[in-house]
1. At a Cα cut-off below 20 Å, give the lysines reachable from Lys28, other chains included and same-chain residues fewer than 8 away excluded.
2. For the pair Lys332 and Thr299, what calculated FRET efficiency results from E = 1/(1 + (r/R0)^6), where r is the Cβ-Cβ distance and R0 = 25 Å, to the nearest 0.05?
3. If you stretched the chain out fully between Arg286 and Lys65, how much longer would it get, using 0.36 nm times the residue separation minus the C-alpha to C-alpha distance?
4. Convex hull volume of the Cα atoms in the stretch 65-223, per residue, in Å³?
5. Might you tell me the accessible area per residue for the chain, computed with a 1.4 Å probe and given in Å²?
6. Please tell me the relative contact order of the stretch 274-344 in percent, rounded to the nearest whole number, where contacts are Cα pairs under 8 Å and at least six residues apart.
7. In whole Å, what are the Cα extents of the stretch 274-344 along the three principal axes, biggest one first?
8. How far, in nm, would the chain grow between Asn342 and His31 when pulled straight, counting 0.36 nm per residue and subtracting the alpha carbon separation?
Amino acid sequence: MKRYGHLFEKVVDPENIKLAILQASKGKRNHRNVKRVLNDIDVYVMRIQTMLLSYEYQPSHVAEKSIMERGKHRIITSSPFFPDQIIHWALMLVLQPVFLKSMYEYNMATIPSRGTGQGRRVLVKWLKSDPKHTKYCLKMDVHHFYPSIDHGILKQKLKHRFKDERVLKLLFDIIDCYSSGLPLGLYTSQWLANFYLESLDHKIKNDWGATYYMRYMDDLVILGPNKRKLHKLELKITGFLANEKLQTKGNWQVFHIRDRPIDFLGFRFYRSHLTLRSSIALRIRRRLKRIKQHTFITTADARVVISYWGWLKHSNSFNFYQKYVKPNCSIKTAKKVIKNANKRRSS
(Lines give C-alpha, C1' and ligand atoms only; values in the text may rest on other atoms or scores of the structure.)
Protein backbone atom coordinates (compact mmCIF):
# COMPACT_ATOMS: atom_id res chain seq x y z
CA MET A 1 0.00 0.00 0.00
CA LYS A 2 1.39 3.37 -1.04
CA ARG A 3 2.07 5.86 1.76
CA TYR A 4 1.34 9.52 1.04
CA GLY A 5 3.50 12.48 1.98
CA HIS A 6 3.89 16.22 1.21
CA LEU A 7 0.27 16.89 2.12
CA PHE A 8 0.62 19.48 4.88
CA GLU A 9 1.67 22.11 2.34
CA LYS A 10 -1.66 21.58 0.58
CA VAL A 11 -3.60 21.77 3.86
CA VAL A 12 -2.14 25.19 4.75
CA ASP A 13 -2.42 26.59 1.23
CA PRO A 14 -4.53 29.80 1.42
CA GLU A 15 -6.81 28.66 -1.42
CA ASN A 16 -7.52 25.39 0.37
CA ILE A 17 -8.28 27.19 3.64
CA LYS A 18 -10.59 29.64 1.84
CA LEU A 19 -12.45 26.73 0.22
CA ALA A 20 -12.67 25.07 3.65
CA ILE A 21 -14.31 28.22 5.08
CA LEU A 22 -16.87 28.30 2.26
CA GLN A 23 -17.64 24.59 2.59
CA ALA A 24 -17.88 24.65 6.38
CA SER A 25 -20.23 27.66 6.25
CA LYS A 26 -22.86 26.00 4.05
CA GLY A 27 -26.28 25.98 5.69
CA LYS A 28 -25.24 28.34 8.49
CA ARG A 29 -24.20 31.56 6.81
CA ASN A 30 -26.74 33.53 8.84
CA HIS A 31 -25.02 32.57 12.10
CA ARG A 32 -23.26 35.52 13.68
CA ASN A 33 -19.91 33.76 14.17
CA VAL A 34 -19.95 32.48 10.58
CA LYS A 35 -20.85 35.90 9.15
CA ARG A 36 -17.93 37.44 11.02
CA VAL A 37 -15.48 35.07 9.28
CA LEU A 38 -17.08 35.40 5.83
CA ASN A 39 -17.06 39.20 6.03
CA ASP A 40 -13.31 39.23 6.60
CA ILE A 41 -12.37 35.94 4.95
CA ASP A 42 -8.82 36.79 3.87
CA VAL A 43 -7.83 37.81 7.40
CA TYR A 44 -9.21 34.57 8.82
CA VAL A 45 -7.45 32.54 6.12
CA MET A 46 -4.14 33.99 7.26
CA ARG A 47 -5.01 33.41 10.93
CA ILE A 48 -5.75 29.73 10.26
CA GLN A 49 -2.57 29.33 8.21
CA THR A 50 -0.42 30.95 10.94
CA MET A 51 -2.08 28.79 13.59
CA LEU A 52 -1.26 25.59 11.70
CA LEU A 53 2.28 26.52 10.65
CA SER A 54 3.23 27.54 14.19
CA TYR A 55 1.59 24.43 15.76
CA GLU A 56 -0.53 26.71 17.95
CA TYR A 57 -3.78 24.95 17.10
CA GLN A 58 -5.29 22.85 19.87
CA PRO A 59 -8.70 21.27 19.20
CA SER A 60 -11.49 22.91 21.19
CA HIS A 61 -13.78 21.18 23.62
CA VAL A 62 -16.82 19.84 21.74
CA ALA A 63 -20.41 20.61 22.74
CA GLU A 64 -22.70 17.60 23.12
CA LYS A 65 -26.42 17.26 22.47
CA SER A 66 -28.67 14.22 22.87
CA ILE A 67 -31.13 13.47 20.06
CA MET A 68 -33.64 10.71 19.37
CA GLU A 69 -33.03 8.93 16.06
CA ARG A 70 -34.88 5.79 14.95
CA GLY A 71 -35.98 5.16 18.53
CA LYS A 72 -32.45 5.46 19.92
CA HIS A 73 -30.73 8.19 21.91
CA ARG A 74 -27.59 9.47 20.18
CA ILE A 75 -25.02 11.99 21.37
CA ILE A 76 -24.27 14.51 18.62
CA THR A 77 -21.27 16.80 19.03
CA SER A 78 -20.34 20.14 17.52
CA SER A 79 -17.21 22.25 17.60
CA PRO A 80 -16.66 26.01 17.14
CA PHE A 81 -16.81 27.23 13.54
CA PHE A 82 -13.52 29.11 13.99
CA PRO A 83 -11.03 27.58 14.04
CA ASP A 84 -12.08 23.93 14.46
CA GLN A 85 -14.67 23.32 11.75
CA ILE A 86 -12.56 25.23 9.23
CA ILE A 87 -9.42 23.25 10.08
CA HIS A 88 -11.32 19.95 9.92
CA TRP A 89 -12.50 20.85 6.43
CA ALA A 90 -9.07 22.11 5.31
CA LEU A 91 -7.55 18.81 6.41
CA MET A 92 -10.20 16.56 4.87
CA LEU A 93 -10.31 18.43 1.55
CA VAL A 94 -6.71 17.28 1.06
CA LEU A 95 -7.09 13.77 2.52
CA GLN A 96 -10.40 12.86 0.84
CA PRO A 97 -8.83 11.99 -2.54
CA VAL A 98 -6.37 9.68 -0.76
CA PHE A 99 -9.15 7.91 1.16
CA LEU A 100 -11.27 7.58 -1.98
CA LYS A 101 -8.51 5.86 -3.98
CA SER A 102 -8.75 2.68 -1.93
CA MET A 103 -12.34 2.93 -0.71
CA TYR A 104 -14.73 0.10 -1.53
CA GLU A 105 -17.13 1.19 -4.29
CA TYR A 106 -20.25 0.08 -2.41
CA ASN A 107 -19.38 1.81 0.85
CA MET A 108 -22.22 4.31 0.59
CA ALA A 109 -22.13 6.44 3.74
CA THR A 110 -21.16 10.15 3.65
CA ILE A 111 -19.31 9.78 0.35
CA PRO A 112 -19.83 12.45 -2.35
CA SER A 113 -22.01 11.16 -5.24
CA ARG A 114 -23.01 8.02 -3.30
CA GLY A 115 -25.36 8.00 -0.30
CA THR A 116 -28.75 6.35 0.16
CA GLY A 117 -29.94 7.16 -3.36
CA GLN A 118 -27.08 5.37 -5.09
CA GLY A 119 -27.25 2.52 -2.56
CA ARG A 120 -30.96 2.08 -3.25
CA ARG A 121 -30.42 1.89 -7.02
CA VAL A 122 -27.59 -0.63 -6.72
CA LEU A 123 -29.44 -2.93 -4.31
CA VAL A 124 -32.56 -2.93 -6.52
CA LYS A 125 -30.37 -3.80 -9.52
CA TRP A 126 -28.72 -6.71 -7.68
CA LEU A 127 -32.06 -8.18 -6.61
CA LYS A 128 -33.60 -7.93 -10.07
CA SER A 129 -30.62 -8.91 -12.21
CA ASP A 130 -29.40 -12.01 -10.33
CA PRO A 131 -32.20 -13.77 -8.38
CA LYS A 132 -30.21 -17.02 -8.24
CA HIS A 133 -27.31 -15.54 -6.26
CA THR A 134 -29.34 -13.12 -4.14
CA LYS A 135 -31.77 -15.56 -2.52
CA TYR A 136 -30.55 -14.97 1.03
CA CYS A 137 -29.47 -11.91 2.97
CA LEU A 138 -27.05 -11.48 5.88
CA LYS A 139 -27.81 -8.24 7.70
CA MET A 140 -25.69 -7.10 10.64
CA ASP A 141 -24.26 -3.98 12.20
CA VAL A 142 -21.64 -2.85 14.71
CA HIS A 143 -22.59 -2.19 18.33
CA HIS A 144 -21.92 1.45 19.34
CA PHE A 145 -19.57 1.90 16.38
CA TYR A 146 -18.37 5.50 16.78
CA PRO A 147 -17.77 5.34 20.55
CA SER A 148 -15.98 1.97 20.19
CA ILE A 149 -13.35 3.03 17.63
CA ASP A 150 -9.95 2.33 19.19
CA HIS A 151 -7.56 5.29 19.03
CA GLY A 152 -4.42 3.14 18.91
CA ILE A 153 -5.67 1.00 16.01
CA LEU A 154 -6.94 4.06 14.12
CA LYS A 155 -3.56 5.79 14.49
CA GLN A 156 -1.72 2.70 13.22
CA LYS A 157 -3.99 2.57 10.17
CA LEU A 158 -3.31 6.25 9.50
CA LYS A 159 0.46 5.72 9.84
CA HIS A 160 0.27 2.98 7.23
CA ARG A 161 -1.48 5.37 4.84
CA PHE A 162 0.32 8.67 5.50
CA LYS A 163 3.97 9.48 6.06
CA ASP A 164 3.60 13.24 6.43
CA GLU A 165 4.43 13.77 10.11
CA ARG A 166 2.72 17.15 10.32
CA VAL A 167 -0.53 15.78 8.91
CA LEU A 168 -0.33 12.83 11.31
CA LYS A 169 0.25 15.18 14.26
CA LEU A 170 -2.81 17.21 13.29
CA LEU A 171 -4.93 14.08 12.91
CA PHE A 172 -3.71 12.63 16.21
CA ASP A 173 -4.35 15.92 18.05
CA ILE A 174 -7.94 15.85 16.80
CA ILE A 175 -8.39 12.17 17.71
CA ASP A 176 -6.81 12.57 21.17
CA CYS A 177 -9.08 15.43 22.22
CA TYR A 178 -11.85 12.82 22.71
CA SER A 179 -11.59 10.49 25.67
CA SER A 180 -12.62 7.47 23.58
CA GLY A 181 -13.95 6.68 20.14
CA LEU A 182 -14.97 9.34 17.65
CA PRO A 183 -17.83 11.80 18.20
CA LEU A 184 -20.85 11.89 15.92
CA GLY A 185 -21.38 15.14 14.08
CA LEU A 186 -17.83 16.25 13.20
CA TYR A 187 -16.67 16.27 9.59
CA THR A 188 -13.43 14.45 10.35
CA SER A 189 -15.27 11.69 12.25
CA GLN A 190 -17.29 10.41 9.30
CA TRP A 191 -14.22 10.03 7.09
CA LEU A 192 -12.07 8.47 9.81
CA ALA A 193 -14.87 6.05 10.76
CA ASN A 194 -15.26 4.94 7.15
CA PHE A 195 -11.49 4.53 6.89
CA TYR A 196 -11.46 2.39 10.05
CA LEU A 197 -13.63 -0.25 8.34
CA GLU A 198 -11.89 -0.12 4.97
CA SER A 199 -9.89 -3.28 5.67
CA LEU A 200 -13.12 -5.12 6.53
CA ASP A 201 -14.62 -4.12 3.17
CA HIS A 202 -11.66 -5.58 1.27
CA LYS A 203 -11.68 -8.75 3.38
CA ILE A 204 -15.37 -9.38 2.68
CA LYS A 205 -15.18 -8.57 -1.02
CA ASN A 206 -11.74 -9.81 -2.09
CA ASP A 207 -10.66 -12.46 0.42
CA TRP A 208 -14.00 -13.98 1.40
CA GLY A 209 -15.63 -13.75 -2.02
CA ALA A 210 -18.87 -11.89 -1.29
CA THR A 211 -20.20 -10.89 -4.70
CA TYR A 212 -23.02 -8.70 -3.43
CA TYR A 213 -21.91 -6.69 -0.40
CA MET A 214 -22.88 -3.15 0.63
CA ARG A 215 -22.02 -1.09 3.69
CA TYR A 216 -23.64 2.08 4.98
CA MET A 217 -21.26 3.16 7.77
CA ASP A 218 -21.70 0.36 10.35
CA ASP A 219 -24.69 -1.37 8.67
CA LEU A 220 -23.73 -4.34 6.49
CA VAL A 221 -25.83 -6.21 3.92
CA ILE A 222 -24.51 -9.27 2.06
CA LEU A 223 -26.56 -11.25 -0.46
CA GLY A 224 -25.79 -14.85 -1.38
CA PRO A 225 -27.15 -18.09 -2.87
CA ASN A 226 -27.32 -20.13 0.36
CA LYS A 227 -27.52 -19.77 4.13
CA ARG A 228 -24.43 -21.84 4.90
CA LYS A 229 -22.07 -19.45 3.13
CA LEU A 230 -23.63 -16.42 4.83
CA HIS A 231 -23.42 -18.01 8.28
CA LYS A 232 -19.70 -18.66 7.68
CA LEU A 233 -19.28 -15.04 6.62
CA GLU A 234 -20.96 -13.84 9.81
CA LEU A 235 -18.44 -15.78 11.91
CA LYS A 236 -15.51 -14.38 9.93
CA ILE A 237 -16.80 -10.80 10.15
CA THR A 238 -17.46 -11.06 13.89
CA GLY A 239 -13.97 -12.46 14.46
CA PHE A 240 -12.31 -9.81 12.30
CA LEU A 241 -14.14 -6.98 14.07
CA ALA A 242 -13.19 -8.39 17.48
CA ASN A 243 -9.53 -7.90 16.50
CA GLU A 244 -10.42 -4.28 15.67
CA LYS A 245 -11.90 -3.87 19.20
CA LEU A 246 -15.45 -3.79 17.78
CA GLN A 247 -18.49 -5.89 18.57
CA THR A 248 -21.32 -6.87 16.26
CA LYS A 249 -24.86 -6.61 17.56
CA GLY A 250 -26.45 -9.88 18.61
CA ASN A 251 -29.50 -9.29 16.41
CA TRP A 252 -27.77 -10.18 13.11
CA GLN A 253 -29.99 -12.15 10.72
CA VAL A 254 -29.75 -14.53 7.79
CA PHE A 255 -33.06 -14.87 5.94
CA HIS A 256 -34.64 -15.77 2.60
CA ILE A 257 -35.67 -12.67 0.65
CA ARG A 258 -38.83 -14.48 -0.45
CA ASP A 259 -40.00 -14.53 3.18
CA ARG A 260 -39.21 -10.97 4.25
CA PRO A 261 -37.86 -7.69 2.88
CA ILE A 262 -34.40 -6.22 3.49
CA ASP A 263 -34.78 -3.24 5.85
CA PHE A 264 -31.91 -0.99 4.77
CA LEU A 265 -31.23 2.67 3.85
CA GLY A 266 -34.69 3.70 5.03
CA PHE A 267 -36.50 1.33 2.65
CA ARG A 268 -37.85 -2.22 2.70
CA PHE A 269 -36.47 -4.03 -0.35
CA TYR A 270 -38.54 -6.83 -1.90
CA ARG A 271 -37.58 -8.77 -5.01
CA SER A 272 -40.03 -6.87 -7.21
CA HIS A 273 -40.53 -3.54 -5.42
CA LEU A 274 -39.63 -1.45 -2.38
CA THR A 275 -41.58 0.44 0.26
CA LEU A 276 -40.72 2.88 3.02
CA ARG A 277 -39.36 1.66 6.33
CA SER A 278 -42.25 1.47 8.80
CA SER A 279 -40.75 4.04 11.18
CA ILE A 280 -40.30 6.58 8.36
CA ALA A 281 -43.85 6.02 7.10
CA LEU A 282 -45.14 6.58 10.65
CA ARG A 283 -43.09 9.75 11.01
CA ILE A 284 -44.55 11.12 7.75
CA ARG A 285 -48.11 10.32 8.79
CA ARG A 286 -47.68 12.01 12.17
CA ARG A 287 -46.10 15.15 10.71
CA LEU A 288 -48.80 15.47 8.05
CA LYS A 289 -51.47 15.08 10.69
CA ARG A 290 -49.97 18.05 12.55
CA ILE A 291 -49.71 20.05 9.31
CA LYS A 292 -53.42 19.50 8.63
CA GLN A 293 -54.25 21.07 12.00
CA HIS A 294 -52.59 24.37 10.95
CA THR A 295 -54.79 27.12 9.54
CA PHE A 296 -52.42 27.50 6.58
CA ILE A 297 -49.40 25.73 5.11
CA THR A 298 -46.19 27.39 6.31
CA THR A 299 -42.97 27.48 4.30
CA ALA A 300 -41.40 25.09 6.81
CA ASP A 301 -44.31 22.67 6.39
CA ALA A 302 -43.99 22.85 2.61
CA ARG A 303 -40.27 22.08 2.75
CA VAL A 304 -40.97 19.06 4.94
CA VAL A 305 -43.56 17.74 2.47
CA ILE A 306 -41.13 18.17 -0.44
CA SER A 307 -38.42 16.31 1.48
CA TYR A 308 -40.88 13.48 2.18
CA TRP A 309 -41.74 13.41 -1.51
CA GLY A 310 -38.09 12.54 -2.16
CA TRP A 311 -38.62 9.33 -0.16
CA LEU A 312 -42.03 8.53 -1.65
CA LYS A 313 -41.21 8.96 -5.33
CA HIS A 314 -38.36 6.43 -5.09
CA SER A 315 -40.56 3.73 -3.59
CA ASN A 316 -43.82 2.02 -4.45
CA SER A 317 -45.84 4.39 -2.27
CA PHE A 318 -48.55 5.77 -4.57
CA ASN A 319 -51.37 4.50 -2.37
CA PHE A 320 -49.63 5.88 0.74
CA TYR A 321 -49.34 9.29 -0.98
CA GLN A 322 -53.00 9.26 -2.04
CA LYS A 323 -54.21 8.27 1.43
CA TYR A 324 -51.97 10.21 3.83
CA VAL A 325 -50.13 12.98 1.96
CA LYS A 326 -52.37 14.43 -0.73
CA PRO A 327 -55.42 15.09 1.53
CA ASN A 328 -53.23 17.03 3.99
CA CYS A 329 -50.75 18.82 1.72
CA SER A 330 -50.12 17.67 -1.84
CA ILE A 331 -46.74 18.08 -3.46
CA LYS A 332 -48.33 20.60 -5.85
CA THR A 333 -49.53 22.72 -2.91
CA ALA A 334 -46.12 22.51 -1.20
CA LYS A 335 -44.29 23.65 -4.34
CA LYS A 336 -46.70 26.58 -4.73
CA VAL A 337 -46.04 27.71 -1.13
CA ILE A 338 -42.27 27.58 -1.70
CA LYS A 339 -42.59 29.45 -5.00
CA ASN A 340 -44.60 32.25 -3.37
CA ALA A 341 -42.13 32.48 -0.47
CA ASN A 342 -39.22 32.83 -2.93
CA LYS A 343 -41.09 35.59 -4.78
CA ARG A 344 -41.66 37.52 -1.56
CA ARG A 345 -37.99 37.15 -0.62
CA SER A 346 -36.73 38.45 -3.97
CA SER A 347 -39.16 41.39 -4.18
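The values are calculated or read from the model by the stated rules, or taken from the named source; none is laboratory data. The model shown is predicted, which means the values in this text are computed figures rather than measured ones. Neighbour counts run over all protein chains shown; Cβ positions are idealised from the backbone, glycine included. SASA here: full protein model, heavy atoms, side chains in, ligands and nucleic acids out. Shrake-Rupley method; radii C 1.70, N 1.55, O 1.52, S 1.80 Å.
1. Result set, ordered by chain and number: Lys18, Lys65.
2. Numbers: r = 16 Å, r/R0 = 0.63.
Efficiency, rounded to the nearest 0.05: 0.95.
3. Working: separation 221, 0.36 × 221 = 79.56 nm, distance 2.42 nm.
Fully extending the segment from Arg286 to Lys65 adds 77.1 nm.
4. Values: hull volume 21.1 nm³, N = 159.
Roughly 133 Å³ of hull volume per residue.
5. Working: 18330 Å² over 347 residues.
With the other protein chains kept in place, the chain gives 53 Å² per residue.
6. On the way: 50 pairs, mean separation 32.3, N = 71.
So the answer I get is 46 percent.
7. The Cα atoms of the stretch 274-344 stretch 39, 23, 17 Å along their principal axes.
8. Between Asn342 and His31, full extension yields an extra 109.9 nm.
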